[in-house]
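Asks: One structure is given below, represented as structure tokens, and several questions about it will come after.
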Amino acid sequence: MKPLVAIVGRPNVGKSTFFNRMIGERLAIVEDMPGTTRDRLYGDTDWNGRDFTLIDTGGLELGSGLPVGHVGLNGQPGDLMDHVMSQAQLAIDEADVIVFMVDARSGITAADEDVAQKLRHTKKPVIIAANKADNKDRRMDAVEFYALGLGEPIVISSIQGVGTGDLLDRIVEELPPASEMEDEEDEDVIRISIVGRPNVGKSSLLNAITGSQRSIVSNVPGTTRDAIDTSFEFEGKKIRLVDTAGIRRRGRIGAGVEKYSVLRSERALERSDVSILMLDATEGLAAQDTHIAGAIHESSKGVIVVVNKWDLAQEQRKAEREGIFAHPDDEINSADEYREILAEGLKFIPYAPILFASAKTGYHVKSILDAAVKIAEMRYLRVPTARLNEIVQDATRRHSPTVIRHKPLKIFYATQARVNPPTFVFFVNDTEAVHFSYERYLENRLREAFSFRGTAIRLQFRPRS
Ligand code: GDP
Ligand code: GDP
């Protein structure tokens with residue numbers, strides 16, 4: 001779990017230059033997998049042993065009420081200033097630490113004062129970075145930023161890379177304590193996240209679940225400062241819904257928060273064992289859904305696909321049959337059609353069960369919890385080594401490994417290295433000889449043999465030493 005550090009400030013002070021310096025090289029390593037294209041405005045980094053996620057808010061596209069070119073406060077184009085203030089607000093809402101970047105060459109501008117004014121009202125740590133202090137005189141001048149009332153400015157030159165280490169030191173000092181960020185690895189608690197695009201019905205599902213549970217235990221603080229989890233018991237099992245504050249808040253700020261909300265979903269995802277990926281039955285599958293599914297798969301979590309608003313879809317189908325086309329352009333899919341669409345569009349999570357549900361009427365809400373409990377149990381399944389090796393031997397007998405470059409693969413033995421996610425290590429003669437199609441074959445054999453459903457499983461190959 002990583003804390004979030006947001007860089008805010010008016011345009012051209014050097015936010016993205018700093019960001020690219022910190023993250024640039026790492027971003028080049030983007031995994032070549034469908035649905036995993038990362039947003040380039042945020043990236044993970046580490047300093048002094050602490051990991052955190054850095055966001056360049058300058059690149060976020062935020063909605064603005066003012067027309068382009070409208071000159072607002074401070075002689076800045078109105079929408080631009082609006083934009084900067086929205087970024088600052090988002091940072092206040094979502095980040096753990098805020099870096100307020102200013103330009104040491106231009107000194108304090110009226111726009112800086114406005115942003116500072118807003119930031120002075122937050123309890124979150126704010127660090128001023130006076131950038132473009134490329135020489136001694138500029139470094140001396142930078143003391144003027146004390147006047148913004150946000151403490152000592154850290155003087156940096158992003159272009160030269162001078163002072164950036166001091167800035168990182170300060171950021172790390174202000175991060176929430178590592179102990180606060182660590183999640184307890186409690187086998188008894190099933191941690192569930194609800195993820196999906198805005199308006200698919202996440203908070204309605206949350207209400208349907210919590211409304212039906214009389215045993216709500218507590219609202220427990222999550223690992224980031226403003227995350228609240230909800231805990232309850234369901235048929236004797238302890239369930240923890242992760243970041244319920246985030247689910248309720250979404251959509252509150254309106255357009256432009258998409259990127260933050262995606263990031264927030266990904267963080268909730270990382271903290272959970274099982275993720276409920278919600279879709280809107282009346283809307284079909286969007287690129288964003290595929291992206292989230294990719295992230296779930298990548299982090300090897302349990303997953304249930306919930307096609308929500310099934311009540312509405314049924315109504316619309318009925319209307320269509322009666323010749324009343326509400327939306328003549330988009331036909332509403334039947335359950336079978338949906339299964340086909342999902343099999344194609346979410347093909348990297350073929351193991352996910354699909355449930356058609358309605359958060360509004362409560363249809364299948366209990367089934368969602370039942371499925372989550374079952375999946376969590378599967379994730380803690382321990383397969384006896386002897387049984388595992390019987391399955392592997394049987395698999396290789398039935399279908400011998402593909403020979404790559406004349407090197408036949410030989411599997412000596414396999415063992416389960418860990419649970420949650422179930423992880424299997426195969427000791428082989430040569431790891432290069434493992435063809436991905438054979439890996440998939442082995443995975444499918446293990447799934448069949450041990451009824452793994454609704455969860456990613458990991459296969460690792462090691463040379464036998
Ligand atoms: P942003 O709009 O805040 O993201 O600003 P950019 O990172 O795009 O930088 C705006 C301009 O300032 C670019 O031309 C950068 O090359 C320049 N710049 C950024 N950092 C420094 C610096 O430390 N020194 C100098 N002299 N120029 C800088
Ligand atoms: P979120 O943005 O994903 O949290 O979505 P909300 O829970 O706020 O729901 C968005 C809208 O869809 C609201 O107007 C809900 O009342 C409506 N909605 C949610 N679930 C259902 C459902 O199962 N059936 C119907 N008909 N409407 C739903």
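No value in this document is a laboratory result; all are computed from the given coordinates. Because the structure is a prediction, the values reported are computed rather than measured. A quick note on method: Cβ atoms are made from the backbone with ideal geometry, for glycine too, and the neighbour counts reach across all protein chains shown.
Asks: Which shape class applies to the range 308-465: rounded if a/c is under 1.5, otherwise prolate when a/b exceeds b/c and oblate if not, where a ≥ b ≥ c are the square roots of the Cα gyration tensor eigenvalues?
Replies: Judged from the Cα gyration tensor, the range 308-465 comes out prolate (a/c at least 1.5, a/b above b/c).
Asks: List the trypsin sites (Lys or Arg not before Pro) within the range 398-465 that DSSP assigns to loop and that have no more than 14 neighbouring Cβ atoms inside 10 Å.
Replies: Sites meeting the loop and neighbour criteria: R405, K410, R453, R464.
Asks: Too long at a 24 Å Cα-Cα cut-off: which of K15/K136; K202/K374; K237/K309; K124/K237; K238/K309?
Replies: Listed pairs above 24 Å: K237/K309; K124/K237; K238/K309.
Asks: Which FRET efficiency value, to the nearest 0.05, do you get for K238 and D141 by plugging their Cβ-Cβ distance into 1/(1 + (r/R0)^6) with R0 = 56 Å?
Replies: Once the sixth-power term is evaluated, E becomes 0.45.
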